[in-house]
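Right, one structure below, let's go through it.
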Amino acid sequence: MRPSPGSQSLLWVVFALSGLTWPHVLRAQFSAVDLTAPPACLQSISADSMVRVVVYVAADTVRHPFDHPDTMRHVNRFAMPNVAVVAQAVGEQIRTMFGAGSDTLAAGAPLVSWRALDEPIDVGAWRDGRMVARVDRDSGDTTGSTLLMHAFAAARATGVGFVWPDSTSDSVTFTLALVAPVVSRSHRVSPRLDPIQVPVFTLSVPWVEPVRLRTTSAPEYPRDAVMEGARATIFLRYVVDTTGRVEMKTVRDARDFAWLPPSMRLRDFYVQFLQAARAALVRWTFVPARVGGCPVPQQIAQSFSFGFSTVGGVPWHMEPWP
């Protein structure tokens, strides 16, 4: 039985994002914020907003959205020990480059800036012995990824590689990144959850505070979708600027991950749901993200779940875009 227009009071929209908690939200200190602007503010962060922490080489295998859990467990059984060996070798090369001993950690500055953290390199390993690395993304400060590339090349020159068991897998992709623990405004240092962490040097980093919602308004359920009993989950990403508003030109949808009931074609109602979600975001306001007291833009990943329920309320939470 299809709902009538008058039953819209029983409709609700769930803003389903992942959880706004420490340290799970900021899985990386600076990967979700735009550190290129405003440069004047970021360059004048006060010393009392900085905390000295240990920087690690973190590593993990790359997971794709459609990888079956059994497949990943099979890959990780042989891949993770190999990845750990590579990460350890890369870490040793970095400590050597910084002049640190086997039981000491040198200071990272001035050779590496805190703005160069969380910029990973992607590494591909093949059964025939090949291993190739490339920079995952290019931010304004490339000293971190450049250091990783040099250390990886030096580690490979020593003969570091994978040991391949009998397996159906012929290749593995993993990431290496220089990362720091999460530092809150109160200077509380929370350990990271990366499966592989190799300490390499110490560095002073600023505290980070993620975007927080200030005001919201529920999206309007499309009338045609109400009449047809359509439900959907729309996945979006966007940037919240330093004034606490959504930069609408940055809103992008992930149509490949949208969901509608099997009986309905995606194009029938997808555009209407997407327009409703975008219209709601225009009205939302946020407390902008801050790095050491400096307001910065931040990317957000979010899903809107349009559905039918007799339960009131609008639960929500958010996740910085990795």
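Only the coordinates and a few stated rules stand behind these numbers; no lab work does. Please read all numbers here as calculations on a predicted model, not as lab measurements. When we count neighbours, we look across all protein chains shown, and the Cβ atoms used for this are built from the backbone with ideal geometry, even at glycine.
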What are the ³J(HN,Hα) values, in whole Hz, obtained from phi via the Karplus relation 6.51 cos²θ - 1.76 cosθ + 1.60 with θ = phi - 60°, for each residue of the stretch 171-178 in sequence order, with x given for Gly and Pro? 7, 9, 10, 9, 10, 10, 8, 8
Mind listing the phi-derived Karplus ³J(HN,Hα) values for the stretch 216-221, rounded to whole Hz, using 6.51, -1.76 and 1.60 with θ = phi - 60°, and x for any glycine or proline? 9, 9, 5, x, 7, 5
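Once the cut-off is 18 Å, how many percent of the Cα-Cα pairs in the stretch 180-236 end up in the long-distance tail?
Result for the distance tail: 63 percent.
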By average C-beta atoms within 10 angstrom, highest first, the peptides 107-119, 262-274: 107-119, 262-274
For V189 and T158, calculate 0.36 nm times their separation in residues minus their Cα-Cα distance, and state this gained length in nm to one decimal. 7.7 nm
Inter-label distance for Q43 and M97, nm, one decimal - labels placed 7 Å from Cα along Cα-to-Cβ: 2.4 nm
Kirkwood hydrodynamic radius for the stretch 136-235: how many Å is it when counted over pairs of different Cα atoms? 19.6 Å
Proximal charge balance of S217 [Cβ under 15 Å; K/R count +1, D/E count -1]: +3
Gain in length, T285 to L105, computed as 0.36 nm per residue apart minus the alpha-carbon separation, to one decimal in nm? 60.5 nm
The set of residues whose placed amide H lies less than 5 Å from the amide H of G307, leaving out same-chain residues fewer than 5 positions away, is W12, V14
Taking the mean number of other Cβ atoms within 10 Å as a proxy for protection, how do you rank 83-93, 149-159, 233-243, 42-52 from highest to lowest? 83-93, 233-243, 149-159, 42-52
Work out how far the C-alpha atoms of the stretch 211-282 reach from end to end along every principal axis, then list the three figures in whole Å, largest first. 42, 23, 18
